[in-house]
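Please treat every number below as a calculation from the coordinates, not as lab data. Computed from a prediction, not measured in an experiment: that's the story for all the values here. Cβ coordinates were reconstructed from backbone atoms using ideal geometry, including for glycine residues, and neighbour counts include every protein chain displayed.
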Amino acid sequence: MMERLLDIAGVGGTVVLVLLLALSVISIGLILERLVYFRRRRFDAVAIAGEVVAGLAAGDHGAVLVRLRALRAVEADVVREALGWYDAGPEAFTEILKKGLADRRKQFESGLVFLGTLGNNAPFIGLFGTVLGIIVAFRELSSAAANVAGGAGNMNNVMSGIAEALVSTAVGILVAVPAVIFFNIFQRRTVAIEDNVGALGNAVCAQMSREAKRESGQLDATGSAPTATGRDVRAPAGAYSAVNVEAEA
C-alpha cells in the first residue's frame with residue numbers, strides 16, 4: 001500500500017506542475033480579456049453627467065438618449081435604460097437604475113472569482129507539489145542509505161528531486177502574483193462603475209426635483225425661489241463678498 005502511495009506521489013508532482021502551468025495560461029488569457037473589456041468601456045462620469053443634466057434641463061431627452069447610446073460603457077447603458085422611466089419620478093428611476101446595474105453585474109464582474117480564487121490557492125497547489133516531490137526525494141534517500149556503495153549517485157538523485165520539488169512552489173507563487181494584482185485592479189474598476197452609476201443617477205434625480213419644484217411654483221424659471229411678491233430673494237451681487245471682507249478685517 002505504501003509503495004503504491006509513493007508511486008502516486010512520484011507522478012503527482014509532475015501533474016501539479018502541469019496543472020499550475022495550465023492555470024497560468026487561463027489566468028493570462030482572462031486578464032487580457034478583462035483589460036480589453038474595461039479599456040473599451042472607459043467612462044468620464046463628470047463630463048457625461050454635465051451633458052445629461054444640461055440635455056434634461058433643456059427638455060431634449062432624445063439627444064440625451066442618443067448620446068448615451070453612442071457610449072459602450074456599462075454606466076451609459078444602465079442610465080439610458082432608467083431614463084425610460086424619467087416621467088415616473090425619482091423613485092421609479094432609482095429602482096430601474098438598481099435593476100439595470102444588477103442585470104449587468106455578471107458582465108463587469110466576470111472572471112473576478114476565478115482570479116481571486118487562483119491568487120489565494122495557487123501557492124498552496126504549488127506547495128502540495130513540493131510536498132509530493134520531497135516525499136519522492138526521501139524515498140531516494142532511503143534507497144541511498146540501504147545501498148552504501150551507490151550512495152553518492154543516489155544522493156545526487158535526492159538533491160535533484162528536492163530542487164525539482166521546490167520548482168512547484170516557485171511556479172505557484174508566480175501564478176498567484178499577477179492573479180492577485182489584476183484581481184485588485186479589476187475589483188476597483190467594478191467599484192468605480194457602481195460609483196459612477198450612483199453619481200449619474202443622483203444628478204438625474206436632482207434635475208427631476210428641480211423640475212418638480214419649478215412646476216409647483218417653488219422655483220422660477222431661473223431656478224430661484226420667488227418671494228410673496230414674485231421678486232427674487234437672492235442677495236444683491238457683492239453682498240456676501242462684502243461680509244467676508246469685513247469678517248477678515
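Odds and ends about this structure:
- Mean Cα-pair separation over length for segment 2-215, i.e. relative contact order, pairs under 8 Å, 6 or more apart, %: 31 percent
- Potential lengthening between Val46 and Asp60 on full extension [0.36 nm per residue; Cα-Cα distance subtracted]: 3.1 nm
- Using alpha carbons only: equivalent-ellipsoid semi-axes of segment 2-215, gyration tensor based, whole Å: 61, 13, 11
- Using θ = phi - 60° and Karplus 6.51 cos²θ - 1.76 cosθ + 1.60, couplings along segment 191-196 (whole Hz; Gly, Pro as x): 5, 5, 4, 5, 5, 5
- Total charge dipole magnitude, segment 86-143, about the Cα centre, Cβ charges on Lys, Arg, Asp, Glu only, Debye to nearest 20: 200 debye
- In a fully extended conformation the segment linking Cys205 and Leu174 would gain 6.4 nm over its present Cα-Cα distance, using 0.36 nm per residue.
- Burial ranking of peptide ranges 32-40, 192-200 (average Cβ count within 10 Å, highest at the top): 192-200, 32-40
- Residues Ile181, Ile96, arranged from fewest to most other Cβ atoms within 10 angstrom of their Cβ, appear as Ile181, Ile96.
- Ascending count of other beta-carbon atoms within 10 Å, so fewest first, for Phe183, Phe43, Phe114: Phe114, Phe43, Phe183
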